[in-house]
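The values are calculated or read from the model by the stated rules, or taken from the named source; none is laboratory data. The structure displayed is predicted, hence computed values, not measured ones. As a convention, Cβ positions derive from the backbone with ideal geometry for all residues, glycine included, and neighbour counts pool all protein chains shown.
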Amino acid sequence: MITIPVTVLKMRIVPITGLMALAIGGITMAACGSDSSVSATGPRVVVTTSILGDVVEHLVGEEVAVEVIMPAGADPHDAAPSPKQVEMMRNADLLVINGEGFEAGLADTIAVAEADGVEVVRATDAIDLRGLEEDGAEVPDPHVFTSPANMVVIAGVIADRLVTEVPSLDTPRYRATVAAYLAELRALDASVEQTLAGIAEQDRILITNHDVFGYFADRYNFEILGAVIPSGSTLAEPSSQELVDLADLMVEADVRAIFADSSSPARLADALASEGIAVEVVELFSESLGEPGSGADTYVGMVRTNANRIAAALD
Ligand SMILES: [Zn+2]
């Protein structure tokens with residue numbers, strides 16, 4: 001945790017140099033293609049993760065350009081910003097982040113931006129956080145986005161802050177877009193429950209690469225039996241004793257499938273193979289959107305794809 005002195009300078013760098021405007025415009029076009037008509041001098045909404053980026057884009061529609069720092073498929077615990085992205089974050093009208101140390105590689109930039117007076121909204125502030133065991137201590141679990149029921153609340157909070165920080169958004173059209181998206185998220189939550197309904201009580205067990213799906217498990221009545229990396233971050237390495245313990249648990253519970261982050265499925269399979277465990281490894285999109293065509297290139301698509309894969313493996 002980085003503590004910043006409370007002498008917050010409410011001074012923001014307002015003028016955009018020609019070079020910076022070009023840089024911002026270039027990134028906008030590369031990121032979203034169709035947004036090239038949005039002025040680089042308009043309101044600047046910057047989002048750290050690809051998941052929250054998609055949510056914010058759905059909330060604002062075509063009204064405002066949204067810059068997303070992490071590309072699809074990135075490991076959000078590990079992603080570091082480019083110098084241009086640091087500038088974007090420090091000059092944002094609103095910076096939307098996950099929070100609770102999730103974006104470890106961006107922590108310094110977030111702290112500096114906030115000290116500069118940039119408005120920051122944290123998804124984790126919107127939710128009653130569950131605890132996560134890490135190195136024998138309980139820490140807040142940052143993976144709030146794995147439950148679409150949480151995302152309904154998070155998206156509502158972000159939508160309100162967007163209007164506060166970008167007053168031009170305060171239109172009937174924006175409010176209608178927000179209401180429609182929140183309804184879509186609620187419907188998603190209900191349909192996931194439906195998709196998972198056929199899984200028997202004793203099969204409602206998740207073993208994952210690291211501790212990602214706690215909120216999902218709480219919401220849909222699963223047990224997290226263990227994680228290959230027993231940590232809230234992908235940055236830790238499992239010890240061989242931890243792998244042996246997990247192997248014992250899996251045999252005991254007759255686990256048929258385990259679930260890996262799409263960004264590192266091979267790592268999980270290799271770790272288990274090294275302990276002589278042969279089990280189906282199912283790839284899930286856990287903390288980052290997938291590429292276009294993956295079925296997980298939006299938050300709604302990602303949650304639906306994961307639910308379908310879990311149901312197919314455990315039903
Ligand atoms: Zn994680």
request  = Starting from residues that are surrounded by 15 or more Cβ atoms within 10 Å (Cβ to Cβ) and over 22 Å from N221 (Cα atoms), keep the ones in the stretch 120-153 and report whichever is modelled with the lowest pLDDT.
outcome  = E134
ask   = Across the stretch 60-95, what is the number of residues that are touching a residue at least 60 places away in the same chain (Cβ under 8 Å) and among the small types (G, A, S)?
value = 4
Out of P148, P172, sole residue that is free of Cβ contacts under 8 Å to residues at least 60 places away in the same chain and either more than 15 Å from the ligand (Cβ to nearest atom) or more than 30 Å from A273 (Cβ to Cβ) (or both) = P172
request  = Among residues belonging to the stretch 206-225 that are aliphatic (A, V, I, L, M) and within 17 Å of the chain's Cα centre (by Cα), point out the one that is farthest from the ligand (Cβ to nearest atom).
outcome  = A217
inquiry  = Going residue by residue through the stretch 239-258, is there one that turns out to be on the phi > 0 side of the Ramachandran plot and either away from the ligand (no atom under 16 Å from the Cβ) or among the basic types (K, R) (or both)?
reply    = yes
query = Given the conditions (1) in a helix (DSSP H, G or I); (2) more than 30 Å from A236 (Cβ to Cβ), which single one is not true for G198?
reply = (1)
key: Single residue of the stretch 154-190 satisfying the filter (of a type in the set (K, R) and over 18 Å from T124 (Cβ atoms)) that is surrounded by the fewest Cβ atoms within 10 Å (Cβ to Cβ)   = R173
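State whether one or more residues within the stretch 211-220 are of a type outside the set (S, T, N, Q) and free of Cβ contacts under 8 Å to residues at least 24 places away in the same chain. It would help to see each step written out before you state the result.
Taking the stretch 211-220 first, the residues of a type outside the set (S, T, N, Q) are 211-220.
Subset that is free of Cβ contacts under 8 Å to residues at least 24 places away in the same chain: 217.
Yes.
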key: Residues satisfying the stated conditions in the stretch 259-289, i.e. among the small types (G, A, S), modelled with pLDDT of 75 or more and within 16 Å of the ligand (Cβ to nearest atom)   = A260, S286, S288
query = Of the residues R186, R175, R161, which single one is assigned to a helix (DSSP H, G or I) and farther than 27 Å from P71 by Cα?
reply = R175
